[in-house]
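The values are calculated or read from the model by the stated rules, or taken from the named source; none is laboratory data. The model shown is predicted, which means the values in this text are computed figures rather than measured ones. All Cβ positions, glycine included, derive from the backbone under ideal geometry; neighbour counts span all protein chains shown.
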Amino acid sequence: MTTEPIEVTVLGLGAMGRALAGSLLDAGHRETVWNRTASRGDDLAARGAVRAATPTAAIAASGLVIVCLLDHDAVREVLQPAAGAVRGRTLADLTNGTPAQARELAAWVEGHGAEFLDGGIMAVPSMLGRAGFVLYSGSRAAFERYGPALAALGEPRFTGDDPGAAALFDLALLAAMYGMYGGFLHAVALIRASGWPASDFAPMAASWLTAMTAGLPSMAAAVDSGTDGTPGSGIAMQATGFGNLLDAGDDAGIRSDLLAPMGALLQRAVEAGLGDHGIAALAGLLQTDGTKEAV
Ligand SMILES: NC(=O)c1ccc[n+]([C@@H]2O[C@H](COP(=O)([O-])OP(=O)(O)OC[C@H]3O[C@@H](n4cnc5c(N)ncnc54)[C@H](OP(=O)(O)O)[C@@H]3O)[C@@H](O)[C@H]2O)c1
């Protein structure tokens, strides 16, 4: 997307920060960078980025300040001493974190006279700007102003005025991803224990998982409405079949750690009298008495 060049700062030049900074340079923006380990900015400096000596100087240099550090503690550690430079800026924190952390940082940033966006990068560095998308929440005005420039990082998607919304959706998407990876890793361990290469199995797994993801909207509708959702695939039948899955793993010498919790949940549903319900009914069993994030 073509957009007017802007002044942008990137704080944090790890694998993702360098990819972000590189994409913004590619898009023609004037960039200032800072990283704790300065040498990680060498290639960006060679490509025209200005290297700031401190976070304060880096923040002062640009209207838009993108933060991409390891975690929330690192963000606090870097921003606290630079608080005086934040006024009048827009700070977009693309560091992975929780909704509560995003709301806390939003209050801190706004309390120092700046606008805040939280972001969730739904891409790995090599995908940046080509595939995947980036979730944002917080200041709608800031999103509208900087959305065209931020498009250099991937399709920008605004999830709401609540600063915690992007982190909520980010973590929910990662939860779905890790569930899939966990199942796939168990599957390939099982396949390899029987002498087949994982590579032979991967295309079959991809087509099966693609077919299964087609059912996610109807499962979600069943969760929302509290209805059954998947006639013909009751939980009691699935709990019985799941036992075979674990037994075959035991026979092949495969640890069942990744899948055992799902088997236990299916059993708990049967014991709760939900055996003839569809798998969507399991969602209700995951709620604890603790607080529930709301967008
Ligand atoms: N890589 C991915 O695939 C990916 C995908 C989506 C989202 N993310 C998120 O993007 C963020 C950055 O990930 P990454 O892949 O760039 O991680 P990384 O390569 O491990 O880089 C971590 C960055 O944080 C800095 N840092 C860590 N602790 C610090 C501290 N106490 N003070 C100052 N700087 C500190 C590091 O500085 P030094 O260089 O000095 O160590 C480095 O710039 C994470 O929140 C991650 O979850 C990553």
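A compact table of results
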{"item": "Count - residues of the stretch 102-127 that are closer than 23 Å to Gly14 by Cα and within 16 Å of the ligand (Cβ to nearest atom)", "result": "13"}
{"item": "Every residue from the stretch 34-69 that is within 13 Å of the ligand (Cβ to nearest atom), loosely packed, with under 14 Cβ neighbours inside 10 Å and not in a helix (DSSP H, G or I)", "result": "Thr37, Thr54"}
{"item": "Wholly enclosed helices (runs of 4 or more DSSP H) of the stretch 176-295 bearing at least 1 residues among the polar types (S, T, N, Q) and closer than 30 Å to Asp162 by Cα", "result": "198-213, 216-225"}
{"item": "Residue match in the stretch 91-101 (condition: within 21 Å of Ala53 (Cα to Cα), within 15 Å of the ligand (Cβ to nearest atom), among the small types (Gly, Ala, Ser) and touching a residue at least 24 places away in the same chain (Cβ under 8 Å))", "result": "yes"}
{"item": "Per-region count, the stretch 1-21, residues outside any loop (DSSP other than H, G, I, E, B) and either among the hydroxyl-bearing types (Ser, Thr, Tyr) or away from the ligand (no atom under 12 Å from the Cβ) (or both)", "result": "3"}
{"item": "Per-region count, the stretch 110-132, residues over 24 Å from Arg18 (Cα atoms) and in contact (Cβ under 8 Å) with a residue 24 or more places away in the chain", "result": "3"}
{"item": "Residue selected from the stretch 74-90 under the condition of a type in the set (Val, Ile, Thr) and either touching a Ser or Thr at 6+ places or on another chain (Cβ under 6 Å) or outside any helix (DSSP H, G or I) (or both), by the criterion nearest to the ligand (Cβ to nearest atom)", "result": "Val75"}
{"item": "Residue match in the stretch 149-172 (condition: surrounded by fewer than 14 Cβ atoms within 10 Å (Cβ to Cβ), within 16 Å of the ligand (Cβ to nearest atom), within 14 Å of the chain's Cα centre (by Cα) and modelled with pLDDT of 95 or more)", "result": "yes"}
